């Protein structure tokens, strides 16, 4: 079977040089290996994702000379796949609803830090400090029935007991030059959110489901997602999903060393194209020859 690669942008803004780098690396890997390149539109966030940005993604990728297989997978059209995965995890007793708002969580963290630093995840966000796991089934049902907002969280300790000793095969390089077999440390993320009342999935859950259903064999993406791979390996093991290889690449940064954002007009593909930059010029800017 030929290897399968995927580029998976979110249509919540226009693509920039960082997106171009990842898309071109995926396209080049597919060409070098005789593999397939798939495109996935990660449009779960209905408040930020817009059709005009999705159209712009197709235009920018085509301008770069990148081709992809059709049909394109749009996450918003496959909510039942994520719901089924969530139900499987719930059946294992690994999911619970937490009802604290973001403001309440911030207050809980501040209270915990009165006794010393509260642990943070690899992205620097505080781990979930609440005790929703201890709520009785009756109290959970009452709160859900009342219409209270909630987040569905993974019971990380229970999940790690069920699936331990995980690792992944890293073909690229992590932030600290990790390469080869990398041990997964999902516990460093605490009880991650898998879905919310108003959003039927999270990035962590949908990405592992999508990669499995699309048959991705090598995931090429930025180093900012290197540590999140620990959570993805755990979910793959819990759900019985295949394990792809991973190739995390360096991030393209601005002149001050910051990761590019979609509001960074100086590095936006549409702005660069309008200024006369060619697709070959984009490759040169990115050091891709």
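The values are calculated or read from the model by the stated rules, or taken from the named source; none is laboratory data. Keep in mind it's a predicted model, so treat the numbers as computed, not measured. As a convention, Cβ positions derive from the backbone with ideal geometry for all residues, glycine included, and neighbour counts pool all protein chains shown.
Would you confirm whether or not the range 97-120 contains a residue that is under 30 Å from residue 21 (Cα atoms) and surrounded by fewer than 19 Cβ atoms within 10 Å (Cβ to Cβ)?
yes
Does residue 159 count as loosely packed, with under 13 Cβ neighbours inside 10 Å and either in contact with a helix residue (DSSP H, G or I) (Cβ under 8 Å, 6 or more places away or on another chain) or not in a loop (DSSP other than H, G, I, E, B) (or both)?
Spelling it out, it is not the case that residue 159 is loosely packed, with under 13 Cβ neighbours inside 10 Å and either in contact with a helix residue (DSSP H, G or I) (Cβ under 8 Å, 6 or more places away or on another chain) or not in a loop (DSSP other than H, G, I, E, B) (or both).
Can you tell which of 181, 199 is within 21 Å of residue 127 (Cα to Cα), outside any helix (DSSP H, G or I), out of contact with any helix residue (DSSP H, G or I) (no Cβ under 8 Å at 6 or more places or on another chain) and assigned by TED's automatic domain parsing to the domain that holds residue 160?
Working: 181 fails: within 21 Å of residue 127 (Cα to Cα).
Only one candidate qualifies: 199.
Check the range 128-141 and report whether any residue there is under 23 Å from residue 202 (Cα atoms), modelled with pLDDT of 95 or more and exposed (fewer than 13 other Cβ atoms within 10 Å of the Cβ).
Looking through the range 128-141, none of the residues is under 23 Å from residue 202 (Cα atoms), modelled with pLDDT of 95 or more and exposed (fewer than 13 other Cβ atoms within 10 Å of the Cβ).
Answer yes or no: is there a residue in the range 257-268 that is in contact with a strand residue (DSSP E or B) (Cβ under 7 Å, 6 or more places away or on another chain) and free of Cβ contacts under 8 Å to residues at least 40 places away in the same chain.
Within the range 257-268 (the criterion being in contact with a strand residue (DSSP E or B) (Cβ under 7 Å, 6 or more places away or on another chain) and free of Cβ contacts under 8 Å to residues at least 40 places away in the same chain), the answer is no, since none of the residues qualifies.
Which residues, taken from the range 144-156, are surrounded by fewer than 15 Cβ atoms within 10 Å (Cβ to Cβ) and touching a strand residue (DSSP E or B) at 6+ places or on another chain (Cβ under 7 Å)?
144, the sole residue that qualifies.
In the range 24-63, which residues are crowded, with 20+ Cβ neighbours inside 10 Å, under 19 Å from residue 272 (Cβ atoms) and out of contact with any strand residue (DSSP E or B) (no Cβ under 6 Å at 6 or more places or on another chain)?
Matches in the range 24-63: 24, 57, 60, 61.
Taking helices (runs of 4 or more DSSP H) that fall entirely within the range 49-150, which contain at least 3 residues that are under 20 Å from residue 198 (Cα atoms) and touching a residue at least 40 places away in the same chain (Cβ under 8 Å)?
Answer list for the range 49-150: 79-91, 137-145.
Looking for something surrounded by fewer than 18 Cβ atoms within 10 Å (Cβ to Cβ), in a strand (DSSP E or B) and either within 15 Å of the chain's Cα centre (by Cα) or modelled with pLDDT of 95 or more (or both) - is there at least one such residue anywhere in the range 250-262?
Looking for residues that are surrounded by fewer than 18 Cβ atoms within 10 Å (Cβ to Cβ), in a strand (DSSP E or B) and either within 15 Å of the chain's Cα centre (by Cα) or modelled with pLDDT of 95 or more (or both), one finds none in the range 250-262, hence no.
Return only the number of the condition from (1) assigned to a loop (DSSP other than H, G, I, E, B); (2) over 30 Å from residue 161 (Cα atoms) that residue 28 does not satisfy.
Single failed check for residue 28: (1).
Conditions (1) part of a strand (DSSP E or B); (2) assigned by TED's automatic domain parsing to the domain that holds residue 8; (3) surrounded by 15 or more Cβ atoms within 10 Å (Cβ to Cβ); (4) free of Cβ contacts under 8 Å to residues at least 60 places away in the same chain, marked per residue:
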{"residue": "164", "(1), (2), (3), (4)": "no, no, no, yes"}
{"residue": "191", "(1), (2), (3), (4)": "no, no, yes, no"}
{"residue": "195", "(1), (2), (3), (4)": "yes, no, yes, no"}
{"residue": "212", "(1), (2), (3), (4)": "no, no, yes, yes"}
{"residue": "216", "(1), (2), (3), (4)": "no, no, yes, no"}
{"residue": "220", "(1), (2), (3), (4)": "yes, no, yes, no"}
{"residue": "234", "(1), (2), (3), (4)": "no, no, yes, no"}
{"residue": "241", "(1), (2), (3), (4)": "no, no, yes, yes"}
{"residue": "246", "(1), (2), (3), (4)": "yes, no, yes, no"}
